[in-house]
Amino acid sequence: MTFLIASDKAGGSNFRPTTIKCLVAYCVGVPIIEKKWLTESEQCGRALSIDNFLVDSNEVEKEHGFSLQKTLQNGKLERQKGGLLRGVDVYICPGGKIKCVELKFLLHLMGANLLSKQSQLGSVSCPQKLIIIEGNDTPNNRAIIKKARSRLVKTITHADFLDLVMKQDLSVLKLPTVYEEGSNSGPIDETEQTSPNKSVRELKNLA
């Protein structure tokens, strides 16, 4: 994938920043261009430079609070390193706004280690490098989230995940320093310090 061609609409480019195709583009760091590049390249009989056909993202950047250029730069850099969520375990609670198959694909592109079963939560070696994505408001999901938060496990909503993908920056989740590459220790929570061994034992209660 070298670039993404956005759809057209009357009056200009139809850049919808939260479509699965755009989210994939952020994760791999490829430019998003207008569809007229195809027709003008065909008219010229050669592939034109895409530099003059980049989508106009000013309005959506203001609406969603991100910089497309910075996102694509971050995404490309993180992809070269193995993905933004490399080394991070992720469990998806059932349900939510984003389709599960799309969510899994994005997590794969971002290098996450996907936990497919709830029972796998008990085998996580480092709870401070685990993210749980919240799903529908069900008794089982509420129980998982409640126990996870009490064990210092990071939980995020689907909206949080979209924000993460659209910015390609872990700092938007305010994760503890243990998530940083090469870090095996550090402050977990200013209000509660829990030893790794204790966290591992307590996390088994989530499974």
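The values are calculated or read from the model by the stated rules, or taken from the named source; none is laboratory data. Please read all numbers here as calculations on a predicted model, not as lab measurements. Note that each Cβ is placed from the backbone with ideal geometry, even for glycine, and that neighbours are counted across all protein chains shown.
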Worksheet, complete the sentence: Counting only strands (runs of 3 or more DSSP E) wholly inside region 63-154, the ones holding at least 1 residues that are in contact with a helix residue (DSSP H, G or I) (Cβ under 9 Å, 6 or more places away or on another chain) and of a type in the set (Lys, Arg) are none
Discussion item. I want to confirm something. Restricting to region 59-68 and keeping residues that are of a type outside the set (Gly, Ala, Ser) and exposed (fewer than 13 other Cβ atoms within 10 Å of the Cβ), which single residue is farthest from Gly111 (Cα to Cα)?
Written reply: Glu59
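Each row is one residue, and each column tells you yes or no for (1) among the charged types (D, E, K, R); (2) under 19 Å from the mean Cα position of the chain (by Cα); (3) surrounded by 13 or more Cβ atoms within 10 Å (Cβ to Cβ); (4) farther than 30 Å from Arg142 by Cβ.
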| site | (1), (2), (3), (4) |
| --- | --- |
| Cys22 | no, yes, yes, yes |
| Gly29 | no, yes, yes, yes |
| Ala47 | no, no, no, yes |
| Ser57 | no, no, yes, yes |
| Leu72 | no, yes, yes, yes |
| Leu77 | no, yes, no, yes |
| Gln80 | no, yes, no, yes |
| Cys93 | no, yes, yes, no |
| Ile98 | no, yes, yes, no |
Discussion item. Testing Ser123 on (1) assigned by TED's automatic domain parsing to the domain that holds Asp163; (2) touching a Gly at 6+ places or on another chain (Cβ under 7 Å), one condition comes back false. Which one is that?
Written reply: (2)
Practice prompt. Search region 73-89 for residues that are closer than 14 Å to Thr2 by Cα and pair each with any residue that is β-branched (Val, Ile, Thr) when their beta-carbon atoms are under 9 Å apart and the residues are at least 6 apart or on different chains.
Written response: Gly75/Val28; Gly75/Val30; Gly75/Val165; Lys76/Val28; Lys76/Val30; Arg79/Val28
Discussion item. I need the full set of residues from region 120-132 which are buried (at least 19 other Cβ atoms within 10 Å of the Cβ), closer than 24 Å to Ser171 by Cβ and among the hydrophobic types (A, V, I, L, M, F, W, C), in order please.
Written reply: Val124, Leu130, Ile131, Ile132
Discussion item. Residue under question is Leu114, and the condition is that it be closer than 28 Å to His64 by Cα, among the aliphatic types (A, V, I, L, M) and crowded, with 17+ Cβ neighbours inside 10 Å; does it hold?
Written reply: no
